Amino acid sequence: MKPHFHVSGFPVRVHPLFFLTTVATGWSFASGLAHLALWVAVVFASVLLHELGHAWAFRHFGSTASISLHGMGGTAQGTDQLTHRQFAWVSFAGPGAGFLLGGLVWAASVVTPLGEQGGLVGLAVRQLLWVNLGWGLFNLLPVQPLDGGHLLASLVRARKGYRYERALHLVGIVTAVVMVGLAVWQRTVWVGVMALMFGVMNLEQLRQLPREVRFQPASPPRRVAPRRASTVGAVTLDQLLGRSPAPPSPTAANEMATTAEAPVLARRPDLEDTGPEAPHDPAAVGQLLLDSGLATLAVKPLQEAFSRTPSSHTGHALVLALLEAGRTPELTALLSGPRAANLSDETLETISVRAGADGELTDRVTALRRAATPKLDEQG
């Protein structure tokens, strides 16, 4: 949809519910229309600055952004996919912009007579401090969809992947319950309603997530000793017919010797069984560990499988395990080795997205893509 105006190059749309919600929150303490109009202006400017903080962070990481002000506050949407660490900075940039404005207003009120004045000027100072500092701290609570919830989720995902999604929503539900209790105690209706909405949202998202499956290593298959027919008391066909046995052929003699020596070889100490066999498919074991959220343990079997039989599927799983485990030096060595040619374009794109500010990984991916381009041209 067409934006209503632009600020710092970002398109901005304002929904009518934004003003209705702002008027509703200020109606209880505004003593007149002038005070209510000042409240609406302060909230509009502060929320817009908050979303501009998000948008400036998106721009810093190479993404364009758009801003929307609505009944729940505001939203800044980026157009490009960011890494978890980059999105954590984006989440903090909104409250950070508010803290900066609130700090400047507080410093101005301390060093100048601005804070001692009454009337609309003094009221504007108090409202700016409350909206930018008070609401900024409120917005950093660890409950989604507040910035604090997104910040916590991004930090956890950057370090541990997506294995703790249920725990993140449980933290959000507990935080929402505490917020409802405080709202009832302080008799702040709008905070209680908002906290209740956040709790229901996190509960619904928690119910939609699949339940975690605890990883249990599979037991190795039992080795069953082959059964051998007993020859005690056996009578050959020649003995039964009273004939002398024919001399065995060289091939038969070799087979008989091999069969006769087999029990002796099986009893040699250097050929005895030393324990259960290792799994025969390290790629399957590594994929199972990776799917179970154990990326660090999945690296070794996937490296073994990829070194034995390099394939795009195993290479993709190995790259994901190295990224989730944070083992960047090994990933760089993989991209520099001869088996990097077996990595698919999808795998290279995944590395580019997750590499972030790691220029060495990005350079290696670019070099591999350039090396693959002539081959594609020759095939075409």
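Odds and ends about this structure:
- Prolate/oblate/rounded call for segment 122-185, Cα gyration tensor, a/c under 1.5 rounded: oblate
- Centre separation in Å (Cα based) which lies between segment 331-355 and segment 87-153: 43
- For segment 42-169, the relative contact order is 24 percent, taking Cα pairs closer than 8 Å that sit 6 or more residues apart in sequence and dividing their mean separation by the residue count.
- Fraction of accessible area attributable to carbon and sulfur, segment 3-72 (%, probe 1.4 Å): 72
- Net charge, Leu133 excluded, C-beta distance under 15 Å - Lys, Arg +1, Asp, Glu -1: 0
- Counting only heavy atoms of the protein chains and using a 1.4 Å probe, Thr296 has close to 90 Å² of accessible surface.
- Column: log10 I(q)/I(0), Debye, Cα scatterers of segment 1-135, q = 0.09, 0.19, 0.22 Å⁻¹: -0.30, -1.09, -1.27
- Label-to-label distance, nm, for residues given as Arg327 and Arg207 (7 Å Cα→Cβ offset): 4.1
- Contact order relative to length of segment 8-71, as percent, for alpha carbon pairs under 8 angstrom and 6 or more apart: 58
- Highest mean packing first, where packing is the average number of other Cβ atoms within 10 Å per residue, the peptides 184-194, 341-351 line up as 341-351, 184-194.
The values are calculated or read from the model by the stated rules, or taken from the named source; none is laboratory data. Small disclaimer: the values here were computed from a predicted structure and weren't measured. Glycine gets a Cβ as well: all are built from the backbone with ideal geometry, and neighbour counts include every protein chain shown. All accessible areas refer to the heavy atoms of the entire protein, side chains included, with ligands and DNA or RNA removed. Shrake-Rupley method; radii C 1.70, N 1.55, O 1.52, S 1.80 Å.
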